[in-house]
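Written below as structure tokens is the structure these notes are about.
The values are calculated or read from the model by the stated rules, or taken from the named source; none is laboratory data. Note that this is a predicted model, so its numbers are computed, not measured. Glycine also receives a Cβ, built like all others from the backbone with ideal geometry; neighbour counts cover every protein chain displayed.
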Amino acid sequence: MDTGVIGWGFYVPDEVRTNKDLEKIVDTSDEWITTRTGIKERRIAPPEMAVSDMGVKAAKKALKKAGLTPFDIDLIIVATITPDMFFPSTACFVQAKLKARNIACFDVSAACSGFIYALKVAKGLIESGSYRNALVIGAEKLTAITDWQDRNTCVLFGDGAGAVVLGPVKKGGIKSVYLGADGSKSELLNMPGGGSRNPATHETVNQGMHYVKMKGNELFKFAVRLMAESAYKALRKAGLDKTDIKYLIPHQANSRIIWATARKLDLEKKQIFVNIHKYGNMSSASCAVALCESLSSKGVKKGDNLLLVAFGGGLTWGASVIEVS
Ligand code: UT7
């Protein structure tokens with residue numbers, strides 16, 4: 001038996017914040033945000049909603065689609081960089097809210113590549129014989145770590161969650177996962193405050209160290225190169241060629257990065273899944289939500305090969321070929 005996606009579902013909060021809304025907060029314009037990023041609007045979770053709450057909403061849909069109950073789940077992994085708390089893990093909160101059994105629960109932190117990292121971990125644990133059905137969630141409340149006075153970052157991010165149930169499939173499933181990282185470039189994208197390096201103090205808060213810091217321009221060049229390289233490596237691992245790919249499901253950081261990746265892979269426009277205009281960059285949740293939306297779209301059929309690819313803080317990157325089961 002192979003391991004495949006047997007259920008999926010996503011959740012985004014109701015509140016929509018448009019580029020026009022942001023024009024009232026910082027010195028920006030709908031025109032700048034649209035042309036430089038492709039983003040038109042993003043979703044904002046209310047103050048009382050944490051990442052586990054969004055993850056649970058997505059997970060319930062995924063379980064329903066799989067025809068399973070929380071009792072059938074053997075493992076929960078949440079990919080996130082905005083956990084409910086430092087500890088316990090957000091996966092533990094999800095388990096409690098779902099009333100799942102006392103199964104293994106933990107988080108994966110790999111920024112925007114987190115969902116693909118989590119897929120690899122879950123696939124490995126399932127195929128080692130340890131577990132049968134895993135719930136893998138990519139969920140973020142990035143607006144909670146966004147500096148709403150910094151126009152370089154606040155126009156980019158949004159909140160949401162995507163969940164898949166992984167389980168045994170007769171044919172297809174996750175054919176390959178390729179992962180990589182380069183910790184020497186951590187200064188390009190991080191949140192410096194609150195950890196053991198800079199524990200939270202009045203000083204760190206006054207300096208805004210609890211917000212995302214990004215050197216967007218430098219990241220951009222790495223993103224384009226590493227997304228394409230990762231895609232090729234995942235294809236090679238799967239023994240496939242780019243002509244075998246039906247749809248590219250890229251991390252949604254910037255539409256210019258998405259189109260540049262598509263060009264490097266020689267894929268046609270209609271093969272590229274884009275939802276950045278609706279949700280912005282949701283880090284670990286971006287690929288998760290995009291995968292769920294694409295699986296629910298009319299164009300995607302059993303036997304199609306989907307190519308997921310992501311890049312983010314760490315730096316981290318990764319790609320996966322999934323044949324729709
Ligand atoms: O998700 C994980 C990984 N993330 C990424 O890979 C993000 C990669 N980077 C990017 O997507 C892009 O670099 C950004 C969208 C973040 C920025 O776009 P850019 O074309 O690289 O712009 P820039 O940072 O080079 O800034 C160009 C100009 C600057 O003004 P000056 O110095 O040329 O006068 C910025 O101050 O645009 C200005 N600017 C803005 N203007 C209006 C920056 N942000 C804004 C804004 N509205 N929101």
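Listed conditions (1) part of a strand (DSSP E or B); (2) away from the ligand (no atom under 16 Å from the Cβ); (3) not β-branched (Val, Ile, Thr) are all met by Arg42, apart from (2).
Per-residue answers, yes or no, for (1) of a type in the set (Lys, Arg); (2) under 27 Å from Pro192 (Cβ atoms); (3) at pLDDT below 95:
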{"position": "Gln271", "(1), (2), (3)": "no, no, no"}
{"position": "Ser286", "(1), (2), (3)": "no, yes, no"}
{"position": "Ser294", "(1), (2), (3)": "no, no, no"}
{"position": "Ala310", "(1), (2), (3)": "no, yes, no"}
{"position": "Ser325", "(1), (2), (3)": "no, no, yes"}
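In this entry, Ala91 is excluded by the filter for residues that are assigned to a loop (DSSP other than H, G, I, E, B), buried (at least 21 other Cβ atoms within 10 Å of the Cβ) and more than 16 Å from the ligand (Cβ to nearest atom).
Within segment 197-218, the set of residues being surrounded by 13 or more Cβ atoms within 10 Å (Cβ to Cβ) and part of a helix (DSSP H, G or I) comprises Thr204, Val205, Gly216, Glu218.
Within segment 219-257, the set of residues being in a loop (DSSP other than H, G, I, E, B) and either within 9 Å of the ligand (Cβ to nearest atom) or closer than 21 Å to Ser184 by Cβ (or both) comprises His251, Gln252, Ala253, Asn254. In segment 48-85, the residue that is nearest to Leu142 (Cα to Cα) out of those that are without any contact (Cβ under 8 Å) to a residue 40 or more places away in the chain and out of contact with any helix residue (DSSP H, G or I) (no Cβ under 9 Å at 6 or more places or on another chain) is Glu48. Among the residues that make up segment 225-243, is at least one of them touching a helix residue (DSSP H, G or I) at 6+ places or on another chain (Cβ under 7 Å) and farther than 21 Å from Val324 by Cα? Scanning segment 225-243 turns up at least one residue that is touching a helix residue (DSSP H, G or I) at 6+ places or on another chain (Cβ under 7 Å) and farther than 21 Å from Val324 by Cα. Out of Gly314, Gly280, Gly216, one residue alone is within 12 Å of the ligand (Cβ to nearest atom) and out of contact with any strand residue (DSSP E or B) (no Cβ under 6 Å at 6 or more places or on another chain). It is Gly216.
Here Leu291 fits the description: under 13 Å from the mean Cα position of the chain (by Cα), closer than 20 Å to Ile137 by Cα, away from the ligand (no atom under 14 Å from the Cβ) and surrounded by 23 or more Cβ atoms within 10 Å (Cβ to Cβ).
The condition of being more than 20 Å from Ser294 (Cα to Cα), surrounded by 21 or more Cβ atoms within 10 Å (Cβ to Cβ), touching a residue at least 24 places away in the same chain (Cβ under 8 Å) and within 16 Å of the ligand (Cβ to nearest atom) does not hold for Thr28. The C-beta contact set for segment 195-215 (first residue in contact (Cβ under 8 Å) with a residue 40 or more places away in the chain and within 26 Å of Val155 (Cβ to Cβ), second residue among the β-branched types (Val, Ile, Thr) and away from the ligand (no atom under 16 Å from the Cβ), distance under 7 angstrom, 6+ apart or interchain) comprises His210/Thr204.
Just for segment 258-301: of the residues that are of a type in the set (D, E, K, R) and in a helix (DSSP H, G or I), which one is farthest from Thr153 (Cα to Cα)? Show your work before the answer.
Step one: of segment 258-301, the residues of a type in the set (D, E, K, R) are 263-264, 266, 268-270, 278, 293, 298, 301.
If we keep only those that are in a helix (DSSP H, G or I) as well, we get 263-264, 269-270, 278, 293.
Values: Arg263: 26, Lys264: 27, Lys269: 27, Lys270: 29, Lys278: 17, Glu293: 25 Å.
The qualifying residue farthest from Thr153 (Cα to Cα) is Lys270.
Consider segment 170-194 and keep the residues that are aliphatic (A, V, I, L, M) and not in a strand (DSSP E or B). The one that is farthest from the ligand (Cβ to nearest atom) is Met191.
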